[in-house]
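A short reminder: the numbers here are calculations on the coordinates, not readings from a lab. Owing to the predicted nature of the structure, the values given are computational and were not obtained by experimental measurement. When we count neighbours, we look across all protein chains shown, and the Cβ atoms used for this are built from the backbone with ideal geometry, even at glycine.
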């Protein structure tokens with residue numbers, strides 16, 4: 001079979017599967033398939049050395065921006081560093097996640113299956129993450145999951161969305177490279 005025929009055949013299968021899922025979902029009342037409680041976001045407490053390094057880099061970049069562009073980019077940089085500091089010092093709350101036959105609910109905010117394109121499971125810090133590709137901005141939705149629920153969640157979600165990891169973008173690669181250079185991120 002030609003590669004073009006394989007691609008066309010797999011595309012048709014995905015479309016048929018989506019059509020059958022949409023038909024099932026539209027005709028049924030909403031019911032909860034699985035739920036769990038986990039933190040809102042991945043979290044890792046940072047040490048003093050990390051913050052000293054980040055502040056030193058920020059001061060150098062801030063001085064360069066001040067000399068070339070003025071005060072506004074420096075104010076933006078300071079506000080981003082403040083946000084980064086707060087997100088890394090304030091522990092996230094625990095919230096409830098639900099998988100239903102109509103979509104995913106995160107703290108009672110529902111995202112329909114039609115908006116989700118694919119999913120995969122990854123790890124960041126000490127947390128397992130269920131990551132969805134989405135058709136809406138920002139393009140990804142990340143949910144913290146409990147390690148013991150991983151297989152059950154994968155089984156349920158794969159009935160509605162394709163299990164396929166999206167390759168990292170150029171921005172993702174640059175951010176990962178930079179994060180590895182900071183102390184405490186090995």
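Short-range pairs are left out: with C-alpha atoms under 8 Å and at least six residues apart, the relative contact order of the range 50-146 is 12 percent.
On a per residue basis, the convex hull of the C-alpha atoms belonging to the range 66-151 measures out at 155 Å³. For the range 33-186, the Kirkwood estimate of the hydrodynamic radius, built from every pair of different alpha carbons, is 17.8 Å. When 95, 104, 145, 78 are arranged by Cβ crowding within 10 Å, least crowded first, meaning fewest neighbours, the order is 78, 95, 145, 104. Relative to one another, the C-alpha centroids of the range 157-176 and the range 94-145 are positioned 12 Å apart. Is any residue of the range 116-156 close enough, with backbone N under 13 Å, to a label point placed 7 angstrom from the Cα of residue 44 along the Cα-Cβ axis, and if so, which? So the set is 123-128.
Fully extending the segment from residue 115 to residue 61 would add 15.6 nm, taking 0.36 nm per residue of separation and subtracting the current Cα-Cα distance. If R0 is 45 Å, what FRET efficiency do you get for residue 86 and residue 28 from their C-beta distance, rounded to 0.05? About 0.60, to the nearest 0.05.
Using the C-alpha gyration tensor of the range 101-185, what are the square roots of 5 times its eigenvalues, in whole angstrom, with the largest one first? Let's see the in-between values first.
On the way: eigenvalues 119, 50, 27 Å².
The three semi-axes for the range 101-185 are 24, 16, 12 Å.
Compared with the alpha-carbon gap, the fully stretched path from residue 169 to residue 135 is longer by 10.6 nm at 0.36 nm per residue. Using a Förster distance of 25 angstrom, determine the FRET efficiency expected from the C-beta separation of residue 93 and residue 155, and round it to 0.05. Plugging the Cβ-Cβ distance into 1/(1 + (r/R0)^6) gives 0.35.
Kindly identify the range 48-89 as rounded, prolate or oblate by the Cα gyration tensor criterion: order the square roots of the eigenvalues as a ≥ b ≥ c, call it rounded if a/c is under 1.5, otherwise compare a/b with b/c, prolate if a/b is larger, else oblate. Walk me through the intermediate numbers first.
Details: a/c = 5.09, a/b = 1.65, b/c = 3.10.
Because a/c hits 1.5 or more and a/b fails to exceed b/c, the range 48-89 counts as oblate.
Size of the range 21-90 from its Cα atoms: along the principal axes, largest to smallest, the extents are 62, 30, 15 Å.
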